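A.B. asks: Here's a structure for you.
The values are calculated or read from the model by the stated rules, or taken from the named source; none is laboratory data. Since this is a predicted model, take the numbers as computed values, not measurements. Virtual Cβ from ideal backbone geometry, glycine too; neighbours counted across all protein chains shown.
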């Protein structure tokens, strides 16, 4: 798909979904922010806020993403494979844009950093979503990523595309923790015994960590 109309030209803050969104907005945005609330972006924030670094890895069938609730006090260098956030982060690097990782925990801090780093360029918010076939297949937009993206958009004072403005409106009108608990992704985590991840992911602006991709590692800005 060419950029054309789909690049949301003329707006300072833009929003799209998944790898197609990375390709489209990466062609015209100075900064891309990857948002995968359950759970890649949340895990990245926890690792970095506790003094570690994170290595995003493209998904493999035998890979396992560490659970946010299991991140220790001194995580060191942590490999983070995931079919959504980590894979999109590595793909975003190819666009030449500055790549940040955001979530509900660090929304304001990431927005402030993105604003400074973008200068006069545009900021592209990438809501990760997920694939119905795990790593392939049609995109499934996710409630939690729309809300996380909306939190970051809300903190930005630049002109917003309709796609970005809608995410902001949804975020401002929603009981976020309840939505994360009751949405399909949250119910899946609870069913698999990972319900403790949800309050960590829903905690709004408790972190000032700004993960930035430097070469192949996510580090604190």
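A.B. asks: Output the residue which, of all residues in the range 188-221 that are exposed (fewer than 14 other Cβ atoms within 10 Å of the Cβ) and assigned to a helix (DSSP H, G or I), is nearest to the chain's Cα centre (by Cα).
C.D. replies: Across the range 188-221, the extreme among qualifying residues is 199.
A.B. asks: Same structure again: Within the range 102-167, which strands (runs of 3 or more DSSP E) (wholly inside it) include 3 or more residues that are touching a helix residue (DSSP H, G or I) at 6+ places or on another chain (Cβ under 9 Å) and under 16 Å from residue 22 (Cα atoms)?
C.D. replies: Result: 122-127.
A.B. asks: Does residue 74 meet the test of being over 21 Å from residue 189 (Cα atoms) and at pLDDT below 90?
C.D. replies: Yes, satisfied.
A.B. asks: Do you know which of the residues in the range 39-92 that are in contact with a strand residue (DSSP E or B) (Cβ under 6 Å, 6 or more places away or on another chain), assigned to a loop (DSSP other than H, G, I, E, B) and touching a residue at least 40 places away in the same chain (Cβ under 8 Å) is nearest to residue 204 (Cα to Cα)?
C.D. replies: 84
A.B. asks: Sticking with this one: For the range 4-32, which positions are in contact (Cβ under 8 Å) with a residue 60 or more places away in the chain and in a helix (DSSP H, G or I)?
C.D. replies: Those that are in contact (Cβ under 8 Å) with a residue 60 or more places away in the chain and in a helix (DSSP H, G or I): 18, 19, 20, 21, 22, 23, 25, 26.
A.B. asks: Taking the conditions exactly as written (farther than 21 Å from residue 44 by Cα and surrounded by 17 or more Cβ atoms within 10 Å (Cβ to Cβ)), does residue 157 satisfy them or not?
C.D. replies: When the stated conditions are applied, residue 157 does not pass them.
A.B. asks: Moving on to the next point. Only residues that are modelled with pLDDT of 95 or more and surrounded by fewer than 18 Cβ atoms within 10 Å (Cβ to Cβ): list them for the range 118-138, please.
C.D. replies: Scanning the range 118-138 gives 119, 120, 121.
A.B. asks: Return yes when residue 144 is under 19 Å from residue 59 (Cα atoms) and surrounded by 21 or more Cβ atoms within 10 Å (Cβ to Cβ) and no when it is not.
C.D. replies: Answer is no for this residue.
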